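Written below as structure tokens is the structure these notes are about.
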Amino acid sequence: MAVTVEGMENVLRPLIIVGGSLVLTLLVGWTVDLLLRRADRRHHETPLWGLLRRCRLPLQLVLCAALLRGSYRQAEIAVEHSVGIGRTLTLLLIGSTAWLLVRIAAAIVESSYARYANAHRDPARVRRVRTQVTLIQRVVSAVVGVVAIASMLLTFPAMRAAGASLLASAGILGIVAGVAAQSTLANIFAGLQIAFGDMVRLGDTVVVDGEWGTVDEITLTFLTVRTWDERRITMPVSYFTSQAFENWSRGGVQMTGTVFFHVDHSAPVEEMRDKLRDILRECPAWDGRDYGLAVTDATPSTIEVRALVTAKDADDIWTVRVTVREQMIRWLTAHHPYALPRVNTADAVLPPDATRNGSVPRPARATRGGVVEPPRTGRG
């Protein structure tokens, strides 16, 4: 009977300890989630409580690992492997704690950004804050990850024993690592400079190496630009602190664009100016701020006419420019075809002196080789 009671105790003890830890973990997780849902319904203007619900899984993992780590010896399961089980539970506890901290930090950062975006309507300021909080979140995640890995390594006795020698050689290793990771460190500091120096932000329209696109992602080491044809250009962030680039969103997103036309000297400039006004009035992308049309250059065969248009951002200015170019050329072709550029093959107008003296030069004629013979005057 004593053997039976002892055997039942050996079976029930692990079940009670392990099962109790799991049940308590599930109960605490369910309770916390219920409280967060109620808080989210009461304070729907603050997204923090809804974001914190993402922490339920890492919270349950932390709680379960902590309960098992503190009671696994009483369970008397695999006593001969108790050291390995204890170290495994410790590693699990450290990793889950780091996961929980990253989730909490992400929830706080995203909640702060959401409240700021709702309170401010300036797109430039909102993009600047979004860039900053994104990099802050990644820095926090990197720091927590490094500390967690270091804590895991220190759980091994061999690592603790090697700590003294590592500290003794830290100066030499620091110099070597600094030389080896010079470009990486430069990119990291450049990323922080971009985030808090407000040089470029997520969503900004930039021109880099002749490529026009939108800043799609910023990390501590690289930046991604999404071009108009959906390509992704990835470059180190140090490029933006050492090279010149165009930021069309800096200081406001409103833009002024130009459209150039090469037309004949007889083109009706005044009518083109009126037609430009009519085109812009029917173009939804035009913001109505300004427009204009002027002759900016003249060549022996054509004149250069510049149309000036405005729009609220870079995307709309592109739409306005292509619309004006297409409809103006179509209108000229339909109503004023003589205004289009052409090659003049008519006889040249004679100067008054040549006509008065009676020496009329013959018109130039082209030979088979394409060489134009000069006109011959007189009887010869």
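The values are calculated or read from the model by the stated rules, or taken from the named source; none is laboratory data. Just so you know, these numbers come straight off a predicted model, no measurement behind them. Note that each Cβ is placed from the backbone with ideal geometry, even for glycine, and that neighbours are counted across all protein chains shown.
Out of Glu246, Glu217, one residue alone is outside the structural domain of Ala298 (by TED's automatic domain parsing), farther than 30 Å from Ala294 by Cα and modelled with pLDDT under 85. It is Glu217. Could you tell me whether the stretch 248-262 includes any residue that is under 14 Å from Trp318 (Cα atoms) and under 15 Å from the mean Cα position of the chain (by Cα)? Among the residues of the stretch 248-262, at least one is under 14 Å from Trp318 (Cα atoms) and under 15 Å from the mean Cα position of the chain (by Cα), which makes the answer yes. Quick check on my filter: what residues within the stretch 211-232 are surrounded by 15 or more Cβ atoms within 10 Å (Cβ to Cβ), β-branched (Val, Ile, Thr) and assigned to a strand (DSSP E or B)? If the condition is that a residue be surrounded by 15 or more Cβ atoms within 10 Å (Cβ to Cβ), β-branched (Val, Ile, Thr) and assigned to a strand (DSSP E or B), then Thr214, Val215, Ile218, Thr224, Val225 are the ones that fit. Note on the stretch 263-293: residues that are touching a Phe, Trp or Tyr at 6+ places or on another chain (Cβ under 8 Å), crowded, with 17+ Cβ neighbours inside 10 Å and of a type in the set (D, E, K, R) total 2. Hey, can you tell me all the residues within the stretch 40-66 that are buried (at least 19 other Cβ atoms within 10 Å of the Cβ), modelled with pLDDT of 80 or more and aliphatic (A, V, I, L, M)? Leu59, Leu61, Val62, Leu63, Ala65 - these are the residues of the stretch 40-66 that are buried (at least 19 other Cβ atoms within 10 Å of the Cβ), modelled with pLDDT of 80 or more and aliphatic (A, V, I, L, M). Checking each residue in the stretch 290-324 for being assigned to a helix (DSSP H, G or I), β-branched (Val, Ile, Thr) and modelled with pLDDT under 90 picks out only Ile317. Pairs are defined by a Cβ separation below 7 Å, a sequence spacing of at least 6 or placement on different chains, a first member in the stretch 109-131 that is surrounded by fewer than 14 Cβ atoms within 10 Å (Cβ to Cβ), and a second member that is modelled with pLDDT under 70 and in a helix (DSSP H, G or I); no pair meets this definition.
Looking only at residues in the stretch 120-158 that are in contact with a Gly (Cβ under 8 Å, 6 or more places away or on another chain) and among the aliphatic types (A, V, I, L, M), the one that is modelled with the lowest pLDDT is Ala124. Can you find a residue that is touching an Asp or Glu at 6+ places or on another chain (Cβ under 9 Å), more than 20 Å from Asp216 (Cβ to Cβ) and either in a helix (DSSP H, G or I) or modelled with pLDDT under 75 (or both) anywhere in the stretch 107-115? Yes, the stretch 107-115 contains a residue that is touching an Asp or Glu at 6+ places or on another chain (Cβ under 9 Å), more than 20 Å from Asp216 (Cβ to Cβ) and either in a helix (DSSP H, G or I) or modelled with pLDDT under 75 (or both).
Against the condition surrounded by 15 or more Cβ atoms within 10 Å (Cβ to Cβ), part of a helix (DSSP H, G or I) and assigned by TED's automatic domain parsing to the domain that holds Ser71, how does Leu35 come out, does it pass?
No; evaluated as a whole, the condition is false for this residue.
Does Pro341 qualify as being in contact with a His (Cβ under 9 Å, 6 or more places away or on another chain), modelled with pLDDT of 50 or more and either surrounded by 10 or more Cβ atoms within 10 Å (Cβ to Cβ) or among the basic types (Lys, Arg) (or both)? Yes. When Glu230 is tested against (1) acidic (Asp, Glu); (2) within 21 Å of Arg127 (Cβ to Cβ); (3) in contact with a helix residue (DSSP H, G or I) (Cβ under 8 Å, 6 or more places away or on another chain), only condition (3) is not met.
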